[in-house]
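The values are calculated or read from the model by the stated rules, or taken from the named source; none is laboratory data. None of the values given here were measured: they were computed from a predicted structure. In this analysis, Cβ positions are derived from the backbone assuming ideal geometry, glycine residues included, and neighbour counts consider all displayed protein chains.
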Amino acid sequence: MQLSRVVAAVAGAAAVFCVMVLPADAESQSARSSPVPITQTLGQLGDRAGIFMGTAVDMTALDNEPTYRARVASEFSSVTPENVMKWQLVEPTRGVLDFTAADELVSFAQANHQRVRGHTLVWHNQLPTWLTTGVANGSITPDQLRDILRQHILDEVGHFKGKVAQWDVVNEALNEDGTLRSTIWLQQLGRGYIADAFRWAHEADPRAKLFYNDFNLESLSAKSDAAFALVQDLRSQGVHVDGVGIQGHLAVQFPAPGTIQENMKRFSDAGLLTELTEADARMVLPADATKLEAAAEAYRVMLDACLLTRHCGGVTVWGFTDLHSWVPGVFSGQGAADILDANYQPKPAYNALRTDLVLAARSHGDDD
Ligand code: XIL
């Protein structure tokens, strides 16, 4: 309660400030800098600040829960399928492609004027059993696997050509020490699988923005150094890579990433796009006021880094309500990672994002 009053006060103060400093003849600026109604959503505020504000979407919840569906439609300017574009879901049976659920999300996004991020083409998790079994028992040879991967990328990116703005082409290919993760892709195809994946994705949709995506890329580290070197190396080979997705799965029991802005700047300075693609901030349960404030700070650090980085396109949260979060199922005893609680009520993190977006929207309008 108190926090929302603080937000209102900050927004009000910023509005007064903007009106006072505007030159009398700056009509267009003045229109853009009109007070931000406190009712504006993250997506609308993001538009004003020049970034997308997105969420991962759980298709079961979207289909079955009107409150969830309404909130996805109204609150966000970008959507990412949480699961339904992953290989396990689009090709559970070899050679039988099923894009029904993913198509449904794309139609939903079009109806609500939202951007779609495609996630993900090459990963070591959520692969179909026919593929992992075939590789394990040798019935799929490395040459065949390469053809299968090529076909998968051409089929999927081709299916969504012109409809998916960005693809996480390769997901989580790096270890924490910066070496390449030992996946079936690396083991069977060698390190060239990454360049090939980008080449095939670009062939299938030359206008889609292509990303390398990973976790623990927020700070300067051996892993983010390796991601930087990886995309530079791809570019030096003439491979089309547009950007790097920084997942942003944070936890309040660890320090917030203090070097995120410096890290993102180097990608930006090298002409690469960045996005926060899977932001959340989990905590050891039970939640309390201190942990919720720390989570708000974690979200704020990520949003501010994006707002302050020239080529950062947006922030996508990996789920927006604690009612539907991947965290409790994966991190035992942890949760409360999202910006709304399980009753869709705003948490401090939601208010923190709003506050900084309101302020950014103003300075964006004033600077142009
Ligand atoms: C997670 C989904 O949220 C879960 O529903 C699913 O069971 C497993 O995958 N990094 C990623 C995402 O790139 O695809 C993962 O999504 C979370 C971690």
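Data for the structure
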item: Filter pass, Gly162 being touching a residue at least 12 places away in the same chain (Cβ under 8 Å), part of a loop (DSSP other than H, G, I, E, B) and either surrounded by fewer than 14 Cβ atoms within 10 Å (Cβ to Cβ) or in contact with a Leu (Cβ under 6 Å, 6 or more places away or on another chain) (or both); result: yes
item: Close pairs from the range 74-87: first in contact (Cβ under 8 Å) with a residue 60 or more places away in the chain, partner within 10 Å of the ligand (Cβ to nearest atom) and acidic (Asp, Glu), Cβ under 9 Å, at least 6 apart; result: Thr80/Asp168; Thr80/Glu278; Glu82/Asp58
item: Selection count where residues are within 14 Å of the ligand (Cβ to nearest atom) and of a type outside the set (S, T, N, Q), scope the range 112-133; result: 8
item: Subset of the range 271-330 (residues that are within 16 Å of the ligand (Cβ to nearest atom) and either at pLDDT below 95 or more than 17 Å from the chain's Cα centre (by Cα) (or both)); result: Asp322, Leu323, Pro328, Gly329, Val330
item: Considering residues of the range 245-262 that are buried (at least 24 other Cβ atoms within 10 Å of the Cβ) and over 21 Å from Gln334 (Cβ atoms) only, the residue nearest to the ligand (Cβ to nearest atom); result: Gly245
item: Residue, nearest to the ligand (Cβ to nearest atom), within the range 220-244, restricted to residues that are out of contact with any Phe, Trp or Tyr (no Cβ under 6 Å at 6 or more places or on another chain) and of a type in the set (Gly, Ala, Ser); result: Ala227
item: From Val36, Val96, residue being crowded, with 22+ Cβ neighbours inside 10 Å and either at pLDDT 95 or above or not charged (D, E, K, R) (or both); result: Val36
item: Residue that is nearest to Trp130 (Cα to Cα), among those in the range 77-111 that are away from the ligand (no atom under 16 Å from the Cβ) and assigned to a loop (DSSP other than H, G, I, E, B); result: Arg94
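Here's the yes/no breakdown for (1) under 29 Å from Leu62 (Cα atoms); (2) of a type in the set (Gly, Ala, Ser); (3) crowded, with 20+ Cβ neighbours inside 10 Å:
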{"residue": "His240", "(1), (2), (3)": "no, no, no"}
{"residue": "Asp269", "(1), (2), (3)": "no, no, no"}
{"residue": "Ala289", "(1), (2), (3)": "no, yes, no"}
{"residue": "Val317", "(1), (2), (3)": "yes, no, yes"}
{"residue": "Ser332", "(1), (2), (3)": "yes, yes, no"}
